[in-house]
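**Q** Here it is: the structure, laid out below.
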Amino acid sequence: MTQTSMLHRITDFANRADPYPLYEELRKTPVLHEEEDGPYLISTYHAIEALLHDPRISSDESNVTAGGDDELSGPEATGLPPSFIRLDPPEHDRLRRIANSSFGPPHQPRRIDGMRGRLEEIVTELIDGLGDAREVDLVDQVAYPFPVTVICRLLGVPREDEPRFRAWVDPIVAGLDPDSRTADDSTKTAQEARLQLGMYLNGLVEQRAKEPRDDMLSDLVHSHGPDGAMTTMEVLSTSVLLLIAGHETTVNLITNGMLTLLRHPQYLERLRTDPGLSVRIVEELLRYEPPVQLLPQRTCIADLEVHGVTIPKGSRIWLMLAAGNRDPHRFTDPDRFDPDRQDIQHLGFGSGIHSCFGAPLARLEAQIALAQLARRLENPRLVEDPPPYRPNAVLRGPRHLNIAIDGVK
């Protein structure tokens, strides 16, 4: 097998339902370089973890000198500045601190945990809405509307505007797909959607500047801490990031979670009677079926050596998180789903300065959704296995998850 064919197979939609045998094969060459100007694929746990903390690894695409733009760089060229996940210190740190001051600890220590009751209510309403159905699509009826509703309300988006977001978010997320690099129409659609979303948010920003409310968007607009204030463009870019990242990965975490539990009914039954088990189940899911499979937007800004291979300055690096999460040198029996595992230090939320900003909220949303689904769906079973998957190789999850049920408690 050639290196080129391995890279192609990882991004090939035909392998989306089960990429893990490919990751196992990839780990045999822990630093894989397909061609002279291609990316370096890093697939072992300890190497990925070290690079996530290495200041010689940049998230700023302007540092790429080998091979031009990254195939997975996504639709940023819309007039908005890069979001802070695509920046390096000190600008990354400044913007992230401002955003974090209105999102959670230490400045708003109760904002996320204080949402627990509201989250429970939203999930309850969605499951109640299933009515007398005997077959449901978990994605369309629960896993998608739940986190998009949460992040919209957290930011302060009016409820009547929430349905508009799917038309914008879907093409933006599709623009992250490696196969979209050859589709000019897909890239243009993604850029246009991101621009329209930014323009809509600009209207909300102008409103909050005049009439602040108790929401995160108002906090971003009126933040005047030690790091100063965000510019209007920075507020817009951060808001777009939070709206997309704040729900897309959680949709996949919930959907992958229910799919995994239906394939492992002993844990579904345990969760039904012990909702507290949801904490360990979600952590193991983040290792076993992470919604973010790889991080492609990385560049080394100095020569560095990984597993005895020298990666030249300016080279692109893909950090294969899902491969590292199943590295047998880090986890015992890594291909087994085991929420009772005593050591689940996964890479599901990344690590280092770019660790997932919304991790506390995503964890809580998934715990609540899975616990309620386990308790209230009577005799759930898969209609199709594997289900149809989204084309995206980065944000991996089923597009639909049809489940037959005997009723709703």
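**Q** Quick one: Leu304 ticks every box in (1) under 30 Å from Pro391 (Cβ atoms); (2) open to solvent by less than 50 Å² (accessible area, probe 1.4 Å) bar one, so which box is it?
**A** It fails just one condition, (1).
**Q** Still on this structure: Out of the residues in the stretch 350-394 meeting the condition of being among the β-branched types (Val, Ile, Thr) and open to solvent by 20 Å² or more (accessible area, probe 1.4 Å), tell me which one is nearest to the chain's Cα centre (by Cα). Spell out how you get there, then give the answer.
**A** Filtering the stretch 350-394 down to residues among the β-branched types (Val, Ile, Thr) leaves 353, 368, 383, 394.
Retained after the next criterion (residues that are open to solvent by 20 Å² or more (accessible area, probe 1.4 Å)): 353, 383.
Numbers: Ile353: 16, Val383: 26 Å.
So the residue we want is Ile353.
**Q** Also: For the stretch 199-222, name all the residues that are part of a loop (DSSP other than H, G, I, E, B) and within 21 Å of Gly114 (Cα to Cα).
**A** Taking the stretch 199-222 and keeping what is part of a loop (DSSP other than H, G, I, E, B), we get 211-215.
Hits for the stretch 199-222 are Pro212, Arg213, Asp214, Asp215.
**Q** Scan the stretch 240-250 and tell me whether some residue there is touching a helix residue (DSSP H, G or I) at 6+ places or on another chain (Cβ under 6 Å), assigned to a helix (DSSP H, G or I) and under 18 Å from Asp338 (Cβ atoms).
**A** Within the stretch 240-250, none of the residues are touching a helix residue (DSSP H, G or I) at 6+ places or on another chain (Cβ under 6 Å), assigned to a helix (DSSP H, G or I) and under 18 Å from Asp338 (Cβ atoms).
**Q** Report yes if Ile254 is in contact with a helix residue (DSSP H, G or I) (Cβ under 6 Å, 6 or more places away or on another chain), modelled with pLDDT of 90 or more and either surrounded by 22 or more Cβ atoms within 10 Å (Cβ to Cβ) or not in a helix (DSSP H, G or I) (or both), otherwise no. Explain how you work it out, then say what you get.
**A** Numbers: in contact with a helix residue (DSSP H, G or I) (Cβ under 6 Å, 6 or more places away or on another chain): yes; modelled with pLDDT of 90 or more: yes; either surrounded by 22 or more Cβ atoms within 10 Å (Cβ to Cβ) or not in a helix (DSSP H, G or I) (or both): yes.
Yes.
**Q** Kindly evaluate Glu283 against the criterion of being in contact (Cβ under 8 Å) with a residue 24 or more places away in the chain and in contact with a Gly (Cβ under 9 Å, 6 or more places away or on another chain). Give the steps one after another, and end with the answer.
**A** Values: in contact (Cβ under 8 Å) with a residue 24 or more places away in the chain: yes; in contact with a Gly (Cβ under 9 Å, 6 or more places away or on another chain): yes.
So Glu283 passes the test.
**Q** Identify the residue in the stretch 309-349 that is over 17 Å from the mean Cα position of the chain (by Cα) and of a type in the set (S, T, N, Q) and, among all such residues, is surrounded by the most Cβ atoms within 10 Å (Cβ to Cβ). Reasoning before the result, please.
**A** Step one: filter the stretch 309-349 for residues over 17 Å from the mean Cα position of the chain (by Cα), giving 309-317, 326-345.
Checking which are of a type in the set (S, T, N, Q) leaves us with 310, 315, 332, 342, 345.
Working: Thr310: 10, Ser315: 23, Thr332: 10, Gln342: 6, Gln345: 12.
Filtering the stretch 309-349 for residues that are over 17 Å from the mean Cα position of the chain (by Cα) and of a type in the set (S, T, N, Q), the one surrounded by the most Cβ atoms within 10 Å (Cβ to Cβ) comes out as Ser315.
**Q** How many residues does the stretch 137-173 hold that are modelled with pLDDT under 85 and out of contact with any helix residue (DSSP H, G or I) (no Cβ under 7 Å at 6 or more places or on another chain)?
**A** To start, the set of residues in the stretch 137-173 that are modelled with pLDDT under 85 comprises 159, 162-173.
Imposing the further condition that a residue be out of contact with any helix residue (DSSP H, G or I) (no Cβ under 7 Å at 6 or more places or on another chain) reduces the set to 159, 163-164, 166-167, 170.
Matching residues across the stretch 137-173 total 6.
**Q** Of the residues Ser73, Ser43, which single one is of a type in the set (Gly, Ala, Ser) and modelled with pLDDT of 75 or more?
**A** Numbers: Ser73 fails: modelled with pLDDT of 75 or more.
So the residue among Ser73, Ser43 that is of a type in the set (Gly, Ala, Ser) and modelled with pLDDT of 75 or more is Ser43.
**Q** Take the residues of the stretch 283-298 that are more than 21 Å from Arg390 (Cα to Cα) and assigned to a helix (DSSP H, G or I): which is least open to solvent (accessible area, probe 1.4 Å)?
**A** Keep residues of the stretch 283-298 that are more than 21 Å from Arg390 (Cα to Cα), which gives 283-284, 298.
Filter again for assigned to a helix (DSSP H, G or I), leaving 283-284.
Working: Glu283: 33, Glu284: 0 Å².
By that ranking, first place goes to Glu284.
**Q** Could you tell me whether Pro226 is farther than 25 Å from Leu197 by Cα and at pLDDT below 95? Break it down stepwise before answering.
**A** Details: farther than 25 Å from Leu197 by Cα: yes; at pLDDT below 95: yes.
So Pro226 passes the test.
**Q** Considering only residues that are buried (at least 16 other Cβ atoms within 10 Å of the Cβ) and of a type in the set (Val, Ile, Thr), which ones fall in the stretch 1-51?
**A** Of everything in the stretch 1-51, those that are buried (at least 16 other Cβ atoms within 10 Å of the Cβ) and of a type in the set (Val, Ile, Thr) turn out to be Ile10, Thr11, Val31, Ile42, Thr44, Ile48.
**Q** Next up: Can you name the condition, by its number, that Leu271 falls short on among (1) more than 30 Å from Asp60 (Cα to Cα); (2) outside any helix (DSSP H, G or I)?
**A** (2)
A quick yes/no check of all residues on (1) within 25 Å of Leu51 (Cβ to Cβ); (2) of a type in the set (A, V, I, L, M); (3) in contact with a strand residue (DSSP E or B) (Cβ under 6 Å, 6 or more places away or on another chain):
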{"position": "Arg272", "(1), (2), (3)": "no, no, no"}
{"position": "Leu285", "(1), (2), (3)": "yes, yes, no"}
{"position": "Glu289", "(1), (2), (3)": "yes, no, no"}
{"position": "Gln297", "(1), (2), (3)": "yes, no, no"}
{"position": "Thr310", "(1), (2), (3)": "yes, no, no"}
{"position": "Gly314", "(1), (2), (3)": "yes, no, no"}
{"position": "Trp318", "(1), (2), (3)": "yes, no, yes"}
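**Q** Also, I was wondering about something else. Please count how many residues of the stretch 183-209 are under 23 Å from Phe103 (Cβ atoms) and open to solvent by 50 Å² or more (accessible area, probe 1.4 Å).
**A** Taking the stretch 183-209 and keeping what is under 23 Å from Phe103 (Cβ atoms), we get 194, 197-198, 200-209.
Restricting the remaining residues to those that are open to solvent by 50 Å² or more (accessible area, probe 1.4 Å) gives 206-207, 209.
Counting residues in the stretch 183-209 that are under 23 Å from Phe103 (Cβ atoms) and open to solvent by 50 Å² or more (accessible area, probe 1.4 Å) gives 3.
**Q** Determine which single condition Ala359 fails, assuming it passes every other condition in (1) aliphatic (A, V, I, L, M); (2) touching a Pro at 6+ places or on another chain (Cβ under 9 Å); (3) without any contact (Cβ under 8 Å) to a residue 40 or more places away in the chain.
**A** (2)
**Q** Inspect all residues belonging to the stretch 258-275 and state whether any of them is more than 19 Å from the chain's Cα centre (by Cα) and of a type in the set (Asp, Glu). So that I can check it myself, show each step before the final result.
**A** Keep residues of the stretch 258-275 that are more than 19 Å from the chain's Cα centre (by Cα), which gives 261-275.
Retained after the next criterion (residues that are of a type in the set (Asp, Glu)): 269, 274.
Looking through the stretch 258-275, at least one residue is more than 19 Å from the chain's Cα centre (by Cα) and of a type in the set (Asp, Glu).
**Q** Scan the stretch 369-409 for residues that are under 18 Å from Leu268 (Cβ atoms), among the basic types (Lys, Arg) and part of a loop (DSSP other than H, G, I, E, B) and jot them down.
**A** Within the stretch 369-409, Lys409 is the sole residue that qualifies.
The values are calculated or read from the model by the stated rules, or taken from the named source; none is laboratory data. Computed from a predicted model, the values in this text were never measured in an experiment. Virtual Cβ from ideal backbone geometry, glycine too; neighbours counted across all protein chains shown. Accessible surface areas use protein heavy atoms only, side chains included; no ligands, DNA or RNA. Shrake-Rupley method; radii C 1.70, N 1.55, O 1.52, S 1.80 Å.
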